[in-house]
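Written out below as structure tokens is the structure these notes cover.
The values are calculated or read from the model by the stated rules, or taken from the named source; none is laboratory data. These figures come from a predicted structure and were not determined experimentally. When we count neighbours, we look across all protein chains shown, and the Cβ atoms used for this are built from the backbone with ideal geometry, even at glycine. Surface areas here come from the heavy atoms of the whole protein model, side chains and all, with no ligands, DNA or RNA. Shrake-Rupley method; radii C 1.70, N 1.55, O 1.52, S 1.80 Å.
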Number of protein chains: 4
Amino acid sequence: MTQPCEMPVTQIHVSKKMTVNELVKAMGKAGAYNGGSLARAADIWEQMLRDEETTKFFGLAGAMVPAGMGGIVSDLIKTGHIDVLVSTGANLTHDIIEAIGCRHFHGTAFCDDIELRHDEINRIYDVYLPDDAFVHFEEFMQKVFGQLGEGSTISISALLEHIGKNTKSGILHTAVKKKIPVYCPAVQDSMIGLQYWLFSQVCRVTVDAFADMPALMDRCFTAKKAGAMLVGGGVPKNFILQSMLMTPNGFGYAVQLTGDRPDLGGLSGATLDEARSWGKITEDAQAVTVYGDATITLPVLAAAVMERLHHG
Amino acid sequence: MTQPCEMPVTQIHVSKKMTVNELVKAMGKAGAYNGGSLARAADIWEQMLRDEETTKFFGLAGAMVPAGMGGIVSDLIKTGHIDVLVSTGANLTHDIIEAIGCRHFHGTAFCDDIELRHDEINRIYDVYLPDDAFVHFEEFMQKVFGQLGEGSTISISALLEHIGKNTKSGILHTAVKKKIPVYCPAVQDSMIGLQYWLFSQVCRVTVDAFADMPALMDRCFTAKKAGAMLVGGGVPKNFILQSMLMTPNGFGYAVQLTGDRPDLGGLSGATLDEARSWGKITEDAQAVTVYGDATITLPVLAAAVMERLHHG
Amino acid sequence: MTQPCEMPVTQIHVSKKMTVNELVKAMGKAGAYNGGSLARAADIWEQMLRDEETTKFFGLAGAMVPAGMGGIVSDLIKTGHIDVLVSTGANLTHDIIEAIGCRHFHGTAFCDDIELRHDEINRIYDVYLPDDAFVHFEEFMQKVFGQLGEGSTISISALLEHIGKNTKSGILHTAVKKKIPVYCPAVQDSMIGLQYWLFSQVCRVTVDAFADMPALMDRCFTAKKAGAMLVGGGVPKNFILQSMLMTPNGFGYAVQLTGDRPDLGGLSGATLDEARSWGKITEDAQAVTVYGDATITLPVLAAAVMERLHHG
Amino acid sequence: MTQPCEMPVTQIHVSKKMTVNELVKAMGKAGAYNGGSLARAADIWEQMLRDEETTKFFGLAGAMVPAGMGGIVSDLIKTGHIDVLVSTGANLTHDIIEAIGCRHFHGTAFCDDIELRHDEINRIYDVYLPDDAFVHFEEFMQKVFGQLGEGSTISISALLEHIGKNTKSGILHTAVKKKIPVYCPAVQDSMIGLQYWLFSQVCRVTVDAFADMPALMDRCFTAKKAGAMLVGGGVPKNFILQSMLMTPNGFGYAVQLTGDRPDLGGLSGATLDEARSWGKITEDAQAVTVYGDATITLPVLAAAVMERLHHG
């Protein structure tokens, strides 16, 4: 923090063919509320991505893939900006659905859900997904699971890696190509999990819930520095933040994009300052929360920071 | 609405030196949640601004000027994109403060407010405003009010126009130059109001609360079409929307940027669909709400739409 | 604040025929998040209402009367717990509608607003109000306004008092009976305002926007202590809080019930701590914000505090 | 739904020594916004709990135990109102902490987290938990895990049952006594998980991530009817709702208490209508969402419904 009343608010003026980064910089000069936080998030994320000593964690919660945010995540993996990905099972389910050629569609939230049910359409706010996609998903998943060795034991990340090897695009595919681990602690809580349950009725493969912990913890213990970009809260946010808790270190960079609020006490909406009291985040960590819908804040941030890193 | 499951969600990929409008168009192809709504808002606002038969209303609520959004509003007036401005008293107070050379400053919301009080700093979330600004404000306002004719009666918009004539920049100044009316129904509820009360103790000028209504209503009755861009809710949103209620017509275009939620029943968070039941918005109006912080959504929208209209 | 880690969280157990106050006390012993805040709000409001040296302000924003909260407000006036009421025009409009025998109805927010429009029903989230009510409202208002003396000048509170004298129940009626002033700075921004505009086309009565300020300011200057119960934000919250700004004093008690959030910078969601930096609230004021829907928090608080004051 | 404009809004009046249920019934007669939803939630939950053919699921997300809501959950298990509990790992961690005699404490959210860190206090919004509790927790967990047979394989619910057998109070203890299963799909994502990782370094016990699925799915297939009370979203909400997806049936009763919002697209804030499009909830299910903080809505609901069922 600078001295109080040192840096004035600069009124924003939109300029000709303004790039996203130019606008984010103008928001930073205005510097107020979530617009100001977004600009600080760009600065912190840029610095984190430029810092070669930093292990970069990325948390993905909320139905982001059905909303078209999966492309950004894949690109970030491709360009080396994610070292460890932690996701909800739902995002990976929808990533697979797109990877096998099915699509999500523009819809509306102001509709008759019983009618949609009759039309065999599943709704995610204003995104529509036809039942048909799940037919293809089941076929694909059962085939892929069928390749696992009966009687073997496997970790969740190895299960996801196995799926990724069978896809030709998307997050899981790109993670395999770039050899980054994808963790999904609550994989049972998703269509992947339901498909696995179906599969487990005919073939016994044990998914060891804790098999991913040693490699993750080793990574945390050996990381010189750690940084976290958190899209949404839920399991990914907490799983990432708690991972440094057993080490003498903590996250030195942290950005969270969330629509939740702190006063309800839930971890999803908790401030990153709260995380300092636990030691999840270091005392001098650069950390900022941007409140808002990640379908706006993530693309704006990604465009601004990629402009700085790659296109500048 | 297109047919269900006709238009697929397109995953977003950030491209080289992407302009704000290019990113907003990519958000539109993703089409989901508030990112999708933001893209629709850009389309609707563009169409509204291009429509020469449409009278363009702009509602300004929330502490937007202290956050650097005043520059965008002034520019929109300057370029002819606002025909009628309705504002809270607070935004106009802060507009005057900047116009007379005082500044708002970057601060932090995580501070000791009693300490700030001792340091003579007033806080607006993470914006700081030194007490000193109000000393200059009082001096300026008393001088300006002192030019009013003792015993006269004046409308609120005329009072604001009089202030605007005494400033050299900002929203009120630009409104005077472009001859657009600024309405502020709750002017008493602001520092302008408190200054006026001070002034009224030494000089009697009557501010007629309803004197602005005839001109506004005439405007509404004669408007071929009407469009509304609503930043925040409060008095400006309702005052604009109710203005068409007495006419046989309604708003044909409406965009609202709000952080409020509909389920609390307040008008600030009410959906624009709700406004259709009242007839404030026409049955076939193009209308969209973007939930989020206007310090993000307004600059993004303004940059995208100005790129389309002026810089394309 | 007690010492850190002095007062343990007590798990809540529901007991037999628990009264509302008993439950609120249990929430206080749990003491966390908004449940804990609600219990503190009950303590502060109780103390404020018991304090005979305190002038009690009440702010009423949000569509509370259509939601059945008007009964609580009338009762609070009746029992002497409100000395000064500041309301939005909308709440007073709906208060008049109920007072003249029209009703609001249970509806649903998941409906077709265009269909409602055709059925001549106006929607307020999940409350329905038939157009018919506005026919009676217009008839009543024009009659009442017609009693005003042509060519006279009147304050907003006097205009509202005049209406209250013509009703037999509700907030305005009770305020007249208990001789408490009702302020409504943005009265133009409501159906009352639109009716007044209609009336003003045939008869000239000047409503002086600032005529209420001297009496209010006198009240503020002479108040030994001041307390504020704020339901919602908007004009009522700010108008109440700013009223003490010109005096050497500030509010010593403050409770706000709001669904807004602080990070958007708007005054409606601003914390009461922020108000300390301005001096609106005294440094040692007892103040608490309860985030949530006032259709839950207000009845719970009122039942708990009335149990303590009257039924204990 | 009744006919439009059939059931009028009844203004609320607080009465003498009003019980919680009496107040909730008054909120139901007002019937608007979340107050109205809360009253409908009480009706639906009452009916669900009275329905002996219904299997009762309970989802527990958000930091509810640190906030004193664990007592209500334990009591609901004790009185037979929960058949299947799905929880986050965090709630179970804090349940164990209280069960082994450590306490959470009243704190404040407006504090210096670095100072708290130095004072060895962990913050959960305005709840404080001394580091010391985790020392006892570690000791307890390692002892309890040490009783597991080296080389064995165990399900997550069996692991939790084993812990519950070693405690003398709290949710896990009561669940063991009442023989109800506790599911926690993301158990790795909690202090329980971190302790298990520590343990796994010295002793090999496999926790089979999917071992709980067959029993749960059997339960779902044999349930005549299913009902869900969902406190918060996250994994518990989705895991419960998806569990009926593979069966020809769906949930016939559903109540969710959430502070999230639907327009962000995340499942936590998704409406229960959206769940109808997926078939998670039956077309004619009685379902309602109450938006707000569960530290208010859960105690009010529990007190009202227990008054109806047990104390009436």
* Sites D:Lys178 and D:Ser15, calculated FRET efficiency, Cβ-Cβ separation with R0 41 Å, nearest 0.05 -> 0.65
* Round to the nearest 10 and report in Å² the accessible area of B:Glu139, as given by a 1.4 Å probe over the protein chains' heavy atoms. => 130 Å²
* Rounded to the nearest 0.05, what FRET efficiency is calculated for C:Arg50 and D:Leu309 with R0 set to 35 Å and r the Cβ-Cβ distance? -> 0.45
* By how many degrees, 0 to 90 and rounded to 10, does the Cα axis of helix A:294-309 deviate from the longest principal axis of chain A? -> 70 degrees
* Asked: So what's the projected area for chain A, the Cα convex hull averaged over all directions, in nm²?
  -> 18.5 nm²
* Any idea of the accessible area per residue across chain B, 1.4 Å probe, to the nearest Å²? -> 32 Å²
* Structure fact -> Of the listed links A:Lys29/B:Lys143; C:Lys29/D:Lys168; A:Lys280/C:Lys25, those spanning more than 27 angstrom between alpha carbons are A:Lys29/B:Lys143; A:Lys280/C:Lys25
* Asked: What does the highest-first list of A:259-265, A:301-307 look like by mean Cβ count within 10 Å?
  -> A:301-307, A:259-265
* Asked: Relative to the Cα centre, what is the charge dipole magnitude of chain A, using +1 at the beta carbon of each Lys and Arg, -1 at the beta carbon of each Asp and Glu, and rounding to the nearest 20 debye?
  -> 960 debye
* Between D:Glu115 and A:Thr247, what FRET efficiency follows from the Cβ-Cβ distance if R0 is 22 Å, with the result rounded to 0.05? -> 0.50
* Structure fact -> The rounded separation in angstrom of the Cα centers of the stretch C:51-118 and the stretch D:54-106 is 38 Å
* **Top of D:Ser87, D:Ser190, D:Ser152 by mean-square fluctuation, Gaussian network on chain D, Cα under 10 Å** => D:Ser152
* Given that compact globular proteins tend to follow 2.2 N^0.38 Å, what is the ratio of the alpha-carbon Rg of the stretch D:72-167 to that value? -> 1.28
* How about the stretch D:21-56: which GluC sites (Glu not before Pro) there are in a DSSP loop, with at most 11 other Cβ atoms within 10 Å of their Cβ? -> D:Glu52, D:Glu53
* Taking C:Lys177 as the anchor, which aspartates and glutamates have their alpha carbon closer than 15 Å to its alpha carbon, excluding any fewer than eight residues away along the same chain? -> C:Asp75, C:Asp83, C:Glu161
* **Principal-axis tilt of helix D:33-50 within chain D, Cα atoms, nearest 10 degrees** => 70 degrees
* Structure fact -> The size of the Cβ-based charge dipole (Lys, Arg +1; Asp, Glu -1) of the stretch C:1-89 about the Cα centre, to the nearest 20 debye, is 400 debye
* Asked: Given H placed on each backbone N at 1.01 Å, which residues far from D:Asp126 in sequence or on other chains put an amide H within less than 5 Å of it?
  -> C:Tyr33
* Asked: Within the set D:Lys56/D:Lys178; B:Lys56/B:Lys178; C:Lys56/C:Lys165, which residue pairs have Cα atoms separated by over 21 Å?
  -> C:Lys56/C:Lys165
* For chain C, with a Gaussian network of springs between Cα atoms less than 10 Å apart, report the residue from C:Ile171, C:Ile77, C:Ile124 with the top mean-square fluctuation. => C:Ile124
* Asked: When the Cα atoms of the protein assembly as shown are enclosed in a convex hull and the volume is divided per residue, what value in Å³ results?
  -> 149 Å³
* **Loop chymotrypsin sites (Phe, Trp or Tyr not before Pro), the stretch C:49-130 (other Cβ atoms within 10 Å of the site Cβ: 15 or fewer; DSSP)** => C:Phe110
* Average beta carbon contacts from partner chains per residue of A:201-211, 10 Å cutoff -> 5
* Asked: Lys/Arg Cβ at +1, Asp/Glu Cβ at -1, dipole of chain B taken about the Cα centre: which of B:Ser169, B:Ala61, B:Gln47 is farthest positive-ward?
  -> B:Gln47
* Structure fact -> Per the helix-only model, chain C has a calculated mean residue ellipticity at 222 nm (DSSP H runs of ≥4, -39500 (n - 2.57) each, divided over all residues, rounded to the nearest 500) of -13500 deg cm²/dmol
* Just A:Gly36, A:Gly59, A:Gly250 to compare: in a GNM of chain A, with alpha carbon springs under 10 Å, which one fluctuates most? -> A:Gly36
* What is the extension gain from A:Glu139 to A:Thr153, computed as 0.36 nm multiplied by their sequence separation minus the C-alpha to C-alpha distance, in nm to one decimal? -> 2.8 nm
* Asked: Taking the Cα atoms only, what angle lies between the long axis of helix A:213-222 and the longest principal axis of chain A, rounded to 10 degrees?
  -> 30 degrees
* Asked: What is the distance in Å between the Cα centres of the stretch C:229-305 and the stretch B:21-39?
  -> 37 Å
* Size of the dipole of the stretch A:120-205 about the Cα centre, Lys and Arg at +1 and Asp and Glu at -1 on the beta carbon, nothing else charged, in debye to 20? -> 560 debye
* Structure fact -> The set of residues whose placed amide H lies less than 5 Å from the amide H of B:Ala226, leaving out same-chain residues fewer than 5 positions away, is B:Thr55, B:Gly252, B:Tyr253
